[in-house]
Amino acid sequence: MRNLLTLADLTSAEIERIFSITEDLKNKYQKGLREPLLPGRMMVLVFEKPSLRTRVSFEAGMVHLGGSSMFLGTDAGFGRRESVADFARVLGEYADVVVIRANRHQTAVDMAKYCSCSVINGLTDFGHPCQALADLYTIGELVGNLSGHTLAWIGDANNVARSLAVGCGKLGLRLAMATPKGYQFDEKSLAWIRQQAPKLDLFVTTDPAEAVRDAVAIYTDVWASMGQESERDVRRQAFAAYQVNAELMSRAQRGAFFMHCLPARRGEEVTDEVIDGPQSVVIQQAANRMHVQKGILAWMLGREGAKG
Ligand code: CP
Ligand code: NVA
């Protein structure tokens, strides 16, 4: 039985294997074929925060694979009506896999600790591993072999950035991050990333132009993540010079791609011109959430994942 709480839970070879299953399933899906690899399997989503992409892409993906899904929002009383441990113990009796979106990463860790079925992190304050896998798969579709390329991250060193950092290290993509002082990875995060992805080639700067210089793709995310709404005004000031706009895109490699996990705050971290422009691959990224999660589910609930 396997969990996916962070990308530390997967080896490079396992990520490659998931991508290969993904490619096969995506090709079949585009030809109208939906291979029922997981008939009778039950996925339960337990979400403490809003979601469009993660929720719908997981649910749609499970339907394509012949399984079923159920969504539980905050009305299920998770952690309030009963303890996380009791909730998890009971859920494990009904489900084959739980996808959890939690305010605090520790809640997802506790879910995995007490639940007898597989648990997947569908975003916490610490990480967003399914997003990072879909992003790395997307870059692979665009450029082929990832190794030797640079991904530029412009903005907050947040949950998505942390997962991408480990993923880049595992797959040989260089990561150049431009983040204002005070919002960069702290020592604890850096030590964790280095431990999980010792081969990561990480370049950190406060200058966005320097980070994008050699980049094949430029990625940004909101300046205030879910749970940080009260910091929005302060962050808007701190990140004002970190907007991805046409001027910054012109400093990157010719034809560099623009990436964003979405939802975006247009006019803040990215301009309409860039996110709607020809270099933007944000819809391909969002589409790949579903394909890669099908790869994860098929790998995790099939015979291969069971070996781990
Ligand atoms: N990118 C992403 O996880 O989107 P949602 O918050 O809509 O799920
Ligand atoms: N960093 C963002 C990602 C949303 C998908 C957040 O946590 O709100």
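The values are calculated or read from the model by the stated rules, or taken from the named source; none is laboratory data. In this text the structure is predicted, and so the values were computed from the model without any measurement. For neighbour counting, all protein chains shown are included, and Cβ atoms are generated from backbone atoms with ideal geometry for every residue, glycine included.
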**Asked** Taking region 204-262, which residues are aliphatic (A, V, I, L, M), crowded, with 23+ Cβ neighbours inside 10 Å, within 16 Å of ligand 2 (Cβ to nearest atom) and assigned to a loop (DSSP other than H, G, I, E, B)?
**Response** VAL222
**Request:** Report, by residue number, each residue of region 162-185 that is over 22 Å from GLU16 (Cβ atoms) and not in a strand (DSSP E or B).
**Result:** THR179, PRO180, LYS181, GLY182, TYR183, GLN184, PHE185
**Asked** Mind checking which pairs have a first residue in region 224-250 that is more than 29 Å from ARG101 (Cβ to Cβ) and in contact (Cβ under 8 Å) with a residue 12 or more places away in the chain and a second that is away from ligand 2 (no atom under 14 Å from the Cβ) and among the polar types (S, T, N, Q), Cβ under 6 Å, 6 or more apart or different chains?
**Response** ASN245/THR271
**Request:** Could you grab me the full set of residues in region 267-308 that are without any contact (Cβ under 8 Å) to a residue 24 or more places away in the chain and in contact with a Lys or Arg (Cβ under 8 Å, 6 or more places away or on another chain)?
**Result:** ASP272, ILE275
**Request:** Out of the residues in region 43-73 that are more than 30 Å from ASN27 (Cβ to Cβ) and away from ligand 2 (no atom under 16 Å from the Cβ), state the one that is surrounded by the most Cβ atoms within 10 Å (Cβ to Cβ).
**Result:** VAL46
**Fill in**
Within region 46-79, the residues that are among the aliphatic types (A, V, I, L, M) and either in contact with a helix residue (DSSP H, G or I) (Cβ under 6 Å, 6 or more places away or on another chain) or more than 16 Å from ligand 1 (Cβ to nearest atom) (or both) are ALA60, VAL63, LEU65, MET70, ALA76
**Asked** What residue, of ASN159, ASN145, is under 17 Å from SER225 (Cβ atoms) and either without any contact (Cβ under 8 Å) to a residue 40 or more places away in the chain or out of contact with any helix residue (DSSP H, G or I) (no Cβ under 6 Å at 6 or more places or on another chain) (or both)?
**Response** ASN159
**Asked** Looking at region 263-281, which of its residues are closer than 19 Å to ALA161 by Cβ and part of a helix (DSSP H, G or I)?
**Response** VAL274, ILE275
**Asked** Looking at GLU273, is it surrounded by fewer than 18 Cβ atoms within 10 Å (Cβ to Cβ), farther than 20 Å from LEU52 by Cα and at pLDDT 95 or above?
**Response** yes
**Message:** Return the pair list, or none, for Cβ contacts closer than 7 Å from residues in region 171-193 that are closer than 22 Å to ILE218 by Cβ to residues that are of a type in the set (S, T, N, Q) and crowded, with 19+ Cβ neighbours inside 10 Å, at least 6 apart or on different chains.
**Reply:** ARG174/THR150; ALA176/THR150
**Pairs with Cβ under 8 Å, 6+ apart, first in region 13-37 and touching a residue at least 40 places away in the same chain (Cβ under 8 Å), second of a type in the set (Phe, Trp, Tyr) and outside any loop (DSSP other than H, G, I, E, B)** = GLU14/TRP299; ARG17/TRP299; ILE18/TRP299; PHE19/TYR137; ILE21/TRP299; THR22/TYR137
**Request:** Go through the residues of region 77-84 one by one and say whether even a single one is in contact (Cβ under 8 Å) with a residue 60 or more places away in the chain and away from ligand 2 (no atom under 16 Å from the Cβ).
**Result:** no
**Request:** Could you please tell me which pairs satisfy a Cβ distance under 7 Å, a separation of 6+ or placement on different chains, a first residue in region 46-70 that is more than 17 Å from THR22 (Cα to Cα) and of a type in the set (S, T, N, Q), and a second residue that is modelled with pLDDT of 95 or more and within 13 Å of ligand 2 (Cβ to nearest atom)?
**Result:** SER51/ARG101
